[in-house]
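Engineer: Could you have a look at this structure, given as structure tokens, before my questions?
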Amino acid sequence: MEEKKDIEQVQNNAGDKGEETGEKREQWGGQIEFLLSCIGYCVGLGNVWRFPYLAYENGGGAFLIPYIIMLCLCGIPLFMMELSFGQFAGLGPITAWRSVPIFKGIGFGMVTVSFLVCIYYNVIIAWSLFYLFASFQSVLPWTLCDQWWNKESYQNISLNASMETTTQSPTTTAGMTTSIMNATQVNKTRLVSTTEEYWKSYILVYQSGIGDPGIVLWDLVLCLLLAWIIVFACLFKGVKSTGKVVYFTATFPYIILIILLVRGCTLEGALDGIIFYVKPDWERLKDSTVWTAAATQIFYSLGVSFGGLLTFASYNKFNNNIYRDTLIVSLGNCATSVFAGFVIFSVIGHMAFKVGQNVEDVIDQGPGLAFIAYPQAVALLPVPQLWSILFFFMLLTLGLDSQFAMLETVVTGFIDEFPTLLRKRKMHFTLFIAVVAFLLGILLVTEGGMYWFNLYNFYSAYYGLLALSLVMCLAINWGYGNYRWRFNTDIKLMLGFEPNWYFKGAWMFVTPAALIFLIIYDAINSSPITYSDYKYPKWANDLGICMSVSCVAVIPIYAAWRV
């Protein structure tokens, strides 16, 4: 009886979130909308774009081991914690911290991380749109080898008399270009496929370094503008419009990935790529960067400490079964990452077979890996234009799901914190955030924009995100809980049972210890950021560290102000 009264009291409080403006706060149309939104948020470009290139950079199978370990030690426990906290509070990522007022800076930190990632995440969507539009041509442009963007390889060949003759033809019957350079010659040039040349020379147009951004690439700017228009159009009506969109965007990608996997596994050399992917190089496990990359990928992929999970859960009904949702989304998300790895490494194995190189050498490492391997994969399918359109439309839907959540986190965070000022002006505030992020993103679509993109990608969700997760875990268990397991009691109030020993032990001891070890270990063994062969100057690394620290620096600043 007493428990029922407690539940009614909390539900009444949750229902009064809009009392300052006379408006009731939105809720999901149903549990399935929340679940699909979480799947769409977590299963995104982090799975099919970021995970494969990190695995490729960090030794394939050697990356999977720390990835799974960090999932169990940190990913699943923090995922459950953030969902529970958001659902119980029924408030946005800033206002929910009224429960532990001195740690309200964590909410501002979450919003900061989401905003920083929003800026460069939509650039990936812009690239997807660019490839989508290019797919409507009669011949996929990245399969051609007689275009102006191929001139560099031809010049290199003509300048080296000792080089072997290179076959030049648009495509072979298998769809693999043979316009390549011999890596065994004097200049030691790595073999280059036309998909890589198209990506680097036609789309990105590299400049000399991060200090020389060059001119703005207007075709990419227009794609970026279109990406922001789409995001705004889907969000300006609030969470109910998002819930309807995800029925399609959260399920369609799996169909395309299955088709690509079936095709990839039938290609010559695919097995070599898959073996590289699953066979660990035990020596690489001694490298701290492999462990840090695995941990940050878990946080990036699951969206832990970004505030998106907390925001989505805050729109739930009070007794929604988040225990079930945690297991479905977190395990399903990581299974999707591993599955996407099989897709891309089967194609990389085929590319290595065609050019006679080792799998680890066939493609230049970095964030562009997916935009080299995947276009090559679709070119190998019958009617490649159709599959290319479907694939890049899939990338678009994957990116939009996550982008919806991150922008909604920023908007909801401030609207719940300042309801009188902003709740009735939600559409205008959403537009303001979108315009600011678009203008900041223009730097990333210049000739030197890839260097800035890599800086954002590396640092925006790095040290600061790990530290933010650590403080969140400690604050909820030892601050809000006040040593009396209050958090577990609140979960029982929602679900009817307390979390099991796995979650209790992880929240109290294991997860904080793992995060502390990871932060210290990586700080000791850290090295400056690089992109391919380019080493970033000291000022760029310092700027990146400031960006990363900004999301956690607000915690002590706010605490000092609060005191």
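The values are calculated or read from the model by the stated rules, or taken from the named source; none is laboratory data. None of these values were measured; they are calculated from a predicted model. Backbone-built Cβ (ideal geometry, glycine too); neighbour counts: all protein chains shown. The area values use the complete protein model at the heavy-atom level, side chains included, leaving out ligands, DNA and RNA. Shrake-Rupley method; radii C 1.70, N 1.55, O 1.52, S 1.80 Å.
Engineer: Name the residues in the stretch 428-456 that are open to solvent by 40 Å² or more (accessible area, probe 1.4 Å) and modelled with pLDDT of 90 or more, would you?
Structural biologist: Residues satisfying the conditions are Leu431, Phe432, Val435, Val436, Leu439, Leu440, Ile442, Leu443.
Engineer: Let me ask you something else. Could you check, for the stretch 392-403, whether at least one of its residues is small (Gly, Ala, Ser), under 28 Å from Cys38 (Cβ atoms), part of a helix (DSSP H, G or I) and out of contact with any His (no Cβ under 7 Å at 6 or more places or on another chain)? Give the steps one after another, and end with the answer.
Structural biologist: First pass over the stretch 392-403, keeping only residues small (Gly, Ala, Ser): 399, 402.
Checking which are under 28 Å from Cys38 (Cβ atoms) leaves us with 399, 402.
Remaining after also requiring part of a helix (DSSP H, G or I): 399, 402.
Filter again for out of contact with any His (no Cβ under 7 Å at 6 or more places or on another chain), leaving 399, 402.
Yes, the stretch 392-403 contains a residue that is small (Gly, Ala, Ser), under 28 Å from Cys38 (Cβ atoms), part of a helix (DSSP H, G or I) and out of contact with any His (no Cβ under 7 Å at 6 or more places or on another chain).
Engineer: Applying the selection to the stretch 265-275, what residues are open to solvent by less than 40 Å² (accessible area, probe 1.4 Å) and more than 17 Å from Ala370 (Cα to Cα)? Full working, then the answer.
Structural biologist: The initial filter retains those residues of the stretch 265-275 that are open to solvent by less than 40 Å² (accessible area, probe 1.4 Å), namely 267, 269-270, 273-274.
Selection gives Leu267, Gly269.
Engineer: Separate question: Does Ile372 count as touching a helix residue (DSSP H, G or I) at 6+ places or on another chain (Cβ under 7 Å) and either open to solvent by 10 Å² or more (accessible area, probe 1.4 Å) or over 30 Å from Val221 (Cβ atoms) (or both)?
Structural biologist: Taking the combined requirement at face value, the residue does not satisfy it.
Engineer: Hey, among Gly107, Gly86, Gly75, Gly90, which residue is open to solvent by less than 10 Å² (accessible area, probe 1.4 Å), in contact with a Ser or Thr (Cβ under 8 Å, 6 or more places away or on another chain) and on the phi > 0 side of the Ramachandran plot? If you could, list the steps in order and put the result at the bottom.
Structural biologist: Details: Gly107 fails: on the phi > 0 side of the Ramachandran plot; Gly86 fails: on the phi > 0 side of the Ramachandran plot; Gly75 fails: on the phi > 0 side of the Ramachandran plot.
Criteria check complete, one pass: Gly90.
Engineer: While we're on this one: Quick one: in the stretch 483-534, which of the residues that are under 30 Å from Gly209 (Cβ atoms), in contact with a Ser or Thr (Cβ under 8 Å, 6 or more places away or on another chain) and in a loop (DSSP other than H, G, I, E, B) is most open to solvent (accessible area, probe 1.4 Å)?
Structural biologist: The residue in question is Ser527.
Engineer: Moving on. Identify the single condition in (1) out of contact with any helix residue (DSSP H, G or I) (no Cβ under 7 Å at 6 or more places or on another chain); (2) within 30 Å of Arg284 (Cβ to Cβ) that Leu466 does not satisfy, given that it satisfies every other one.
Structural biologist: (1)
Engineer: Another question, if that's okay. Go through (1) in contact with an Asp or Glu (Cβ under 8 Å, 6 or more places away or on another chain); (2) modelled with pLDDT under 80; (3) surrounded by fewer than 23 Cβ atoms within 10 Å (Cβ to Cβ) for Asp361 and report which single condition fails.
Structural biologist: Single failed check for Asp361: (1).
Engineer: Do any residues in the stretch 457-468 that are crowded, with 24+ Cβ neighbours inside 10 Å have Cβ atoms under 8 Å from those of residues that are of a type in the set (Ser, Thr, Tyr) and part of a loop (DSSP other than H, G, I, E, B), where the two are at least six apart or on different chains, and which pairs are they?
Structural biologist: Correct list of pairs: Leu465/Ser305; Leu468/Ser305.
Engineer: Report, ordered by the first and then the second residue, all pairs with beta carbons closer than 7 Å, sequence separation of six or more or different chains, a first member in the stretch 275-300 that is under 18 Å from Phe345 (Cα atoms) and free of Cβ contacts under 8 Å to residues at least 40 places away in the same chain, and a second member that is part of a loop (DSSP other than H, G, I, E, B) and not charged (D, E, K, R).
Structural biologist: none
Engineer: Follow-up. Tally time: how many residues in the stretch 202-231 are farther than 29 Å from Asp542 by Cα and either open to solvent by less than 40 Å² (accessible area, probe 1.4 Å) or of a type in the set (A, V, I, L, M) (or both)?
Structural biologist: Of the residues in the stretch 202-231, the ones farther than 29 Å from Asp542 by Cα are 202, 218-219, 222-223, 225-231.
Pick out the ones that are also either open to solvent by less than 40 Å² (accessible area, probe 1.4 Å) or of a type in the set (A, V, I, L, M) (or both) and you get 222-223, 225-231.
Final tally of qualifying residues: 9.
Engineer: Give the number of residues within the stretch 535-563 that are more than 30 Å from Leu369 (Cα to Cα) and not in a helix (DSSP H, G or I). Before you say what the answer is, go through the steps one by one.
Structural biologist: From the stretch 535-563, those more than 30 Å from Leu369 (Cα to Cα) are 552-563; that's our starting set.
Those left that are additionally not in a helix (DSSP H, G or I): 563.
Qualifying residue count, the stretch 535-563: 1.
Engineer: Follow-up. Looking only at residues in the stretch 232-264 that are open to solvent by 60 Å² or more (accessible area, probe 1.4 Å) and under 16 Å from Ile32 (Cα atoms), which one is modelled with the lowest pLDDT?
Structural biologist: Among residues in the stretch 232-264 that are open to solvent by 60 Å² or more (accessible area, probe 1.4 Å) and under 16 Å from Ile32 (Cα atoms), the one modelled with the lowest pLDDT is Lys240.
Engineer: Any idea how many residues of the stretch 375-403 are touching a helix residue (DSSP H, G or I) at 6+ places or on another chain (Cβ under 9 Å) and within 18 Å of Thr266 (Cα to Cα)?
Structural biologist: Number satisfying all stated conditions: 9.
Engineer: Which residue, of Leu381, Leu386, is without any contact (Cβ under 8 Å) to a residue 24 or more places away in the chain and farther than 20 Å from Ser114 by Cα?
Structural biologist: Criteria check complete, one pass: Leu386.
Engineer: Examine the stretch 32-52 for a residue that is among the β-branched types (Val, Ile, Thr), touching a Lys or Arg at 6+ places or on another chain (Cβ under 7 Å) and buried (at least 24 other Cβ atoms within 10 Å of the Cβ), and state whether such a residue exists. Even if it seems obvious, please write down each step before you answer.
Structural biologist: Initially, the stretch 32-52 is screened for residues among the β-branched types (Val, Ile, Thr), giving 32, 39, 43, 48.
Among the residues that remain, those that are also touching a Lys or Arg at 6+ places or on another chain (Cβ under 7 Å) are: none.
No.
Engineer: So how many residues does the stretch 337-358 have that are open to solvent by 10 Å² or more (accessible area, probe 1.4 Å) and closer than 30 Å to Ser37 by Cβ?
Structural biologist: Residues in the stretch 337-358 being open to solvent by 10 Å² or more (accessible area, probe 1.4 Å) and closer than 30 Å to Ser37 by Cβ: 3 in total.
Engineer: From the list Ile348, Ile372, pick out the single residue that is at pLDDT 80 or above and over 21 Å from Tyr120 (Cβ atoms). Outline the logic, then answer.
Structural biologist: On the way: Ile372 fails: over 21 Å from Tyr120 (Cβ atoms).
The match here is Ile348.
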